[in-house]
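See below for the structure under consideration.
FYI, it's all coordinate maths here, none of it is from the lab. Given the structure is predicted, the values throughout are model-derived calculations rather than measurements. Because the Cβ atoms are built from the backbone with ideal geometry, glycine has one as well, and the counts that use them run over all protein chains shown.
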Amino acid sequence: MSGALSVVDATLTRMEWADWAQIMRGRVYGADHEDAGPRPDRVYAELVAGPLDGLLLDITGRPGGELRAGVELRTEIGAHGRGGRARYALRDGPGRYLDWRGDTP
């Protein structure tokens with residue numbers, strides 16, 4: 001990766017991107033920014049790779065078949081910018097990981 005990464009209408013250097021990614025790690029996708037940590041009464045899967053890498057997705061009550069088929073999550077930082085979605089699907093094997101499958105408009 002060389003140069004800068006464009007995120008929404010801002011441009012981040014590699015160092016700023018690494019800092020931003022570290023801040024986001026362990027936060028729950030879609031949660032309020034003031035209280036973005038996981039809750040003990042919920043079940044989470046980690047999003048792996050793609051624009052939402054490191055975030056946790058609340059999968060409480062979601063059927064495994066839905067997760068294996070894949071979920072599309074709204075994000076402004078994917079390949080399609082505002083209104084775009086990142087697609088993630090449940091990884092085979094142990095653990096709760098959803099691997100990135102690409103971005104859609």
Counting Lys +1, Arg +1, Asp -1, Glu -1, what net charge surrounds T60 among other residues with beta carbon under 12 Å of its beta carbon?
-> +2
On full extension of the chain, what length is gained from H33 through Y97, given 0.36 nm per residue of separation minus the C-alpha to C-alpha distance?
-> 20.8 nm
